[in-house]
Amino acid sequence: MKEFKGAYMGKILRVDLTKKASRTEDLKGEDLKLLLGGRGLGAKIYYDEIGPDVDPFDERNKVIFMTGPLTGVRLPSTTKFQLATKSPETGRYLCSNCGGDFGPQLKRAGYDGLIVEGSSDDWTSIIIKDGDVSFIDASSWKGFNSDITLQRLKDSIGDARAGCMSIGPAAERLVRISFINVDNRAFGRGGAGGVLGAKRLKGIAVKGSGRVPVADPERVNQIWKEAVKDLRTSRANHTKYGTPQYIEAINEFGCMPTRNFQTTFFERIEGVDAHTMKKRYYVKNFHCFNCPVGCGMVCEVKEGPFAGARARTEYETVALLGPNCGVDDFGAIVAGNQLCDEMGIDTMSGGNLVGLTMELFERGLITKEHTDGIEAKFGSGEAMVGLLRLIAERRGIGDLLAEGARGVMKKHPEWAPYIMAVKGLPYAAYDPRGFYGNALTYGTSSRGACHNVGGWTIRAELQSGDYDRWALEGKGKLVKQIQDNRAYVDSLGICTVVRGSMDFRDHPASDVMEAVTGYGFTPDLMNIGTRIYNLERLILSREGVKRKDDQLPPRTVNEKVPSGPSKGKFLTREMYNLMLDEYYEERGWDSDGVPKEETVKRLKLHTLLS
Amino acid sequence: MKVRVTVKYLSALRDRAGTANEVFVMPAGSVLRDLTARIEKERGISLPDPYVMIVLNGKGIRQHSRRLDTGLSDGDTLLLLPPVSGG
Ligand code: SF4
């Protein structure tokens, strides 16, 4: 570790819930040089410790939390840390990225990472105060909402500034789309909350009294000032409207998920767009740790059937609880969002499963008998909120939906035409028929149909001038590049919204990494991203993933868009597979999507994993 | 023969324009540059601007081979919005 003069704390904390014991381990400098930290190191630990035979709810499953070199450093939005575990939702490798105070506090307590393993007999919570690790009885917290649990954790550790994470009642019931609430941000996708639920771990609190060292404090200070100045202009719209600013645009582009992805344009978008949000529901901005942007939009419903509901709404949530359920009432979305937060479920998978249920209901494939009396029609805000509650409480059809898209598909393979998921993870809030690159994004993301890990192509497909959004050529190369970029950024510990202000792009400048770590990481960062993505694919290959698992659901490759700006656009399985061939070729994977030996060697993965 | 082009101002651009959308009636043979000149004159939004994305009939302006010289047709739709960068 002596090559690093800052950024890393050099230790990982390992907590065993079965033995109620903990110990620390040293980080290896070589691993960091090749994988940075965060998502990269999390994937390596997963590769080494969680085999393909481990069930997500098995006590042998572990939850690996890893910060990055920039987490907790005094630079903008150094809030992020990563999680790796076996996903209850997909049954495979899951990586997830989250903000909040937890990551920075973990580093201040002296650790770059935390691995939770084993399983407790009784409900417990972990309290970490610098080098002191203790377990508290949480049996009386069972059934508490995730936000109340956060407050209990803060009370228990005795410091309101502590970083805390918790699960809600859904995770206790092993709902497979349960999230982990981290200081009111979330490890949202993949159902990691259920893993903590199976371990009977209600929450973790951490408070450190140390500082995260940097190699060149003066230079870091200067970079901070320049970045904050840049963000005031470059991210002004995020401060003003948050991610809901994209609602109108995505709709106008013709890729808004509408009524379970039946079409890509929502006719009543004014009810849910950013202007409506700002005018009628906005209360204040929410800032993650050290973030001058504060893109979180705290909203409250002031009148109507959902009066009193309060939540922080993001683009993905608005799109999937709104247009994807045919709902044009922003108040209903806030209420659905709040319910998901309190019960502890992912709004994105939730919105997909509700959209699916509504389509099944309208097609007469299920009735009110299944929905606990709910008239599950598209457009009904009450039905959307009610169905989310059924999932969180595992009531009626909610018990089946709580098994996630994979569980629904297993029980009802005849519903496949309506299930919008890849590898068991439901679609993010973009219809790939509007941007063909996005089809590859969903097909080849390391965790299922995710726009972040999979590579968000819309900007490049629309803005760069290098691509036609409805062409197949070049999309394999594009998606690979965006995925690799995201993999290294996820390993840094900063928010993707601010990274441009510190030059973390496809050709990152060396300045920031040298000032913080004292080590010359650049220009190798994109190669590190490529290495991480291939490491994840090796894990997935070990878990049985092949070309057949990279395919898209029937609706995307069988149906023409029926309305809106993308009307008439379509993808076929053959068209998609042409893009997939190009992608595998760019990646150095064989025709079944397995990394070739020469690729593994070129990326030095054979030494890293031996 | 005139060409009618619908211009939509999305998210923060709506605040700058003071309206959500409007129709510009342009003389036949007009190109995009003629329209952006009118938008600048009437709405005070000068284009091109690195913080404004221009999308003509579903394609980013850089994807049109002739960019601001691109000819306009009756029924075209122009979107103006802040650059997009992920949800
Ligand atoms: S830009 Fe938004 S998501 Fe990113 S750190 Fe800031 S508040 Fe959090």
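The values are calculated or read from the model by the stated rules, or taken from the named source; none is laboratory data. Owing to the predicted nature of the structure, the values given are computational and were not obtained by experimental measurement. So basically every Cβ, Gly included, is an ideal-geometry build from the backbone, and we count neighbours across all protein chains shown. Accessible surface is based on the protein model in full, side chains and every heavy atom, while ligands, DNA and RNA are left aside. Shrake-Rupley method; radii C 1.70, N 1.55, O 1.52, S 1.80 Å.
Assorted remarks:
- Averaged over the residues of peptide A:485-493, the number of Cβ atoms from other protein chains lying within 10 Å of each residue's Cβ is 0.
- FRET efficiency for residue A:604 and residue A:302, using Cβ-Cβ distance with R0 set to 56 Å, rounded to 0.05: 0.45
- Evaluating 6.51 cos²θ - 1.76 cosθ + 1.60 at θ = phi - 60° for every residue in segment A:455-469, the Karplus couplings come out as x, 7, 8, 4, 4, 5, 6, 10, 9, 6, x, 8, 9, 9, 4 Hz, glycine and proline recorded as x.
- Projected area averaged over orientations for segment A:218-347, convex hull of C-alpha atoms, nm²: 8.9
- Cβ-placed point charges (K, R +1; D, E -1), dipole of segment A:447-526 about Cα centre in debye, nearest 20: 340
- Hydrodynamic radius of segment A:1-128 per Kirkwood, over alpha carbon pairs, in Å: 15.0
- Charge dipole of the protein assembly as shown about the Cα centre (unit charges at C-beta), most positive-ward option of A:227, A:29, A:327: A:227
- Using θ = phi - 60° in the Karplus curve 6.51 cos²θ - 1.76 cosθ + 1.60, the 3J(HN,Hα) couplings for segment A:321-328 round to 8, x, x, 5, 10, x, 8, 10 Hz; x is entered for Gly and Pro.
- Look at the Cα gyration tensor of segment A:463-609: its axes a ≥ b ≥ c give a/c of at least 1.5 with a/b at or below b/c, and that counts as oblate.
- Assigned charges on the beta-carbon of Lys, Arg, Asp, Glu; the protein assembly as shown dipole about Cα centre (debye): 740
- Take every pair of alpha-carbon atoms less than 8 Å apart whose residues are at least six positions apart; their mean separation over the length of chain B yields a relative contact order of 42 percent.
- Sites residue B:77 and residue A:363 - FRET efficiency at Förster radius 45 Å, r taken between beta-carbons, to 0.05: 0.85
- Restriction of the GluC sites (Glu not before Pro) in segment A:365-405 to DSSP coil positions whose beta-carbon has at most 12 other beta-carbons within 10 angstrom yields A:369, A:375.
- For the protein assembly as shown, Kirkwood radius (reciprocal of mean inverse C-alpha pair distance, Å): 25.4
- Annotation note: GluC sites (Glu not before Pro) in segment A:7-103 located in DSSP loop regions with a Cβ neighbour count of at most 16 within 10 Å are A:59.
- When shorter helices are ignored and each DSSP H run of at least 4 residues is given -39500 (n - 2.57), the per-residue value for chain A at 222 nm works out to -11000 deg cm²/dmol.
- Of the listed residues B:11, A:610, the order by accessible area with a 1.4 Å probe, largest first, is A:610, B:11.
- Only helices enter the 222 nm calculation for chain B: every DSSP H run of n ≥ 4 contributes -39,500 (n - 2.57), and dividing by all residues gives -6000 deg cm²/dmol, rounded to 500.
- Rounded accessible area of residue A:606 (nearest 10 Å², 1.4 Å probe): 80
- Nearest-ten-degree value, helix B:32-43 long axis tilted from longest Cα axis of chain B: 60
- Over segment A:553-610, Cα pairs under 8 Å with separation of 6+ residues give a relative contact order of 18 percent.
- Within the straight-line cut-off of under 24 Å between alpha carbons, the lysines reachable from residue A:284 are A:80, A:154, A:229, A:240, A:302, sequence neighbours fewer than 8 places apart in one chain being disregarded.
- When the Cα gyration tensor is reduced to axis lengths a ≥ b ≥ c, the ratio a/c is 1.5 or higher for segment A:213-262, and with a/b above b/c it is classed as prolate.
- For segment B:2-81, taking the reciprocal of the average inverse distance between every pair of different Cα atoms yields a Kirkwood hydrodynamic radius of 12.4 Å.
- Mean Cα-pair separation over length for segment A:237-402, i.e. relative contact order, pairs under 8 Å, 6 or more apart, %: 19
- The apolar share of the surface of the protein assembly as shown, taken as the fraction of accessible area on carbon and sulfur atoms (1.4 Å probe, ligands and nucleic acids excluded), comes to 47 percent.
- By the combined test of axial Cα extent (at least 30 Å) and Kyte-Doolittle hydropathy (mean at least 1.6), none of the DSSP H helices of chain A qualifies.
- Among the trypsin sites (Lys or Arg not before Pro) in segment A:215-280, those located in a DSSP loop and surrounded by at most 16 other Cβ atoms within 10 Å of their own Cβ are A:268.
- Rg to Rh quotient for segment A:73-225, alpha carbon positions, Kirkwood Rh: 1.00
- Out-of-range pairs (alpha-carbon distance over 21 Å; input A:368/A:411; A:480/A:569; A:86/A:202; A:19/A:62): A:480/A:569
- Charge-dipole axis of the protein assembly as shown as Lys and Arg at +1 and Asp and Glu at -1 on Cβ define it, positive-most pick from A:575, A:417, A:299: A:299
- Amide H contacts of residue A:495 (H built 1.01 Å from N, under 5 Å, at least 5 apart or other chain): A:79, A:80
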